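Q: To start, I am sharing the structure in question, which I have written as structure tokens.
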Amino acid sequence: MKKKIVFATSNPHKLEELKAICEDKCNVEFILPPAGFDPVEDGVTFEANSLKKAREAARISDMPALADDSGLCVEALDGGPGIHSARYAETAQKRIDKLLAEMKYNTNRRAKFVCVMTLVDKQGKVLCQARGECHGQIAYVQSGINGFGYDPIFIVNGTDKTMADLSEEDKNKISHRSRALEQIIDYLKVLYR
Ligand code: ITT
């Protein structure tokens, strides 16, 4: 029987990607946290916020939990919006418009997506924490309809495509999320072998 782990998120895109990346690689079924899951993300690093989300989900569900804290870090914006990526503006499109406007006259387009995943047991003890990064450039105009968030303005290094131009399958081969998650999967394979 598959082990159940709570995936500490309220972002349905993250869950979709997680399920596609995990497939049958480990003997785990990910479920969403119970109603009332509302962690305070007041840490100053991806690591701290990821841990807070995982611990809160474990606390209210009394089950092991996995959390994903992620964001887009732009070199010319001193690493912003970074941990504030989800709150940078009201909607996904407004966040894209705001970032493109802030970057309008900037020729340094270097950026990276970061994802930190934290797995805790039901008491909140850290079992594994992993970081994945995906490096690229901020586009001048948005392109693509796949993915979510900042994907339409993030050109993946080594390609001329934005993350939103890639298929779900291709994004999941190179994304910050899959790079973090592959390390967690290796851990889960040993834990629940
Ligand atoms: P949870 O905290 O409930 O998991 P959230 O969306 O608020 O959901 P974060 O606090 O980790 O998650 O913020 C992540 C934000 O960074 C997300 O809302 C997007 O704007 C952006 N982001 C993260 N991963 C991304 C990806 O793969 N593609 C595009 N944007 C991404």
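Q: For the structure I just gave you, tell me whether residue 181 is more than 18 Å from the chain's Cα centre (by Cα), touching a residue at least 12 places away in the same chain (Cβ under 8 Å) and surrounded by 21 or more Cβ atoms within 10 Å (Cβ to Cβ).
A: So residue 181 does not fit the description; no.
Q: A follow-up question, please. Take residue 155 and decide whether it is assigned to a loop (DSSP other than H, G, I, E, B) and under 22 Å from residue 93 (Cα atoms).
A: No, not satisfied.
Q: I'm trying to understand the selection: among the residues of segment 86-128, which are more than 14 Å from residue 50 (Cα to Cα) and among the small types (Gly, Ala, Ser)?
A: 89, 92, 101, 111
Q: Related question: I'm told residue 28 meets every condition in (1) free of Cβ contacts under 8 Å to residues at least 12 places away in the same chain; (2) more than 10 Å from the ligand (Cβ to nearest atom) except one. Can you identify the failing condition by its number?
A: If we test residue 28 against (1) free of Cβ contacts under 8 Å to residues at least 12 places away in the same chain; (2) more than 10 Å from the ligand (Cβ to nearest atom), just (1) comes out false.
Q: Within segment 86-108, can you find the residues that are among the basic types (Lys, Arg) and assigned to a loop (DSSP other than H, G, I, E, B)?
A: Hit for segment 86-108 is 104, nothing else.
Q: Within segment 41-60, can you find the residues that are more than 10 Å from the ligand (Cβ to nearest atom) and either modelled with pLDDT under 95 or assigned to a loop (DSSP other than H, G, I, E, B) (or both)?
A: 42, 43, 44, 45
Q: Out of all the residues in segment 163-177, which are buried (at least 16 other Cβ atoms within 10 Å of the Cβ) and either under 16 Å from the mean Cα position of the chain (by Cα) or near the ligand (Cβ under 10 Å from one of its atoms) (or both)?
A: 163, 164, 171, 172, 174, 175, 176, 177
Q: What are the pairs with Cβ atoms under 7 angstrom where one residue, in segment 67-91, is hydroxyl-bearing (Ser, Thr, Tyr) and the other, located anywhere, is more than 10 Å from the ligand (Cβ to nearest atom)? Sequence gap at least six, or different chains.
A: So the pair list comes out as 88/98.
Q: Shifting gears a bit: Take residue 127 and tell me if it is in contact with a Pro (Cβ under 8 Å, 6 or more places away or on another chain), closer than 20 Å to residue 27 by Cβ and surrounded by 15 or more Cβ atoms within 10 Å (Cβ to Cβ).
A: Spelling it out, residue 127 is indeed in contact with a Pro (Cβ under 8 Å, 6 or more places away or on another chain), closer than 20 Å to residue 27 by Cβ and surrounded by 15 or more Cβ atoms within 10 Å (Cβ to Cβ).
Q: From the residues in segment 64-119 that are surrounded by 18 or more Cβ atoms within 10 Å (Cβ to Cβ) and away from the ligand (no atom under 15 Å from the Cβ), which one is nearest to residue 132 (Cα to Cα)?
A: Selected residue: 64.
Q: In this structure, is residue 140 farther than 19 Å from residue 14 by Cα, outside any strand (DSSP E or B) and at pLDDT below 95?
A: no
The values are calculated or read from the model by the stated rules, or taken from the named source; none is laboratory data. Remember, predicted model here, so these are calculated numbers, not experimental data. Quick reminder, even Gly has a Cβ in these numbers, built from the backbone with ideal geometry, and neighbours come from all protein chains shown.
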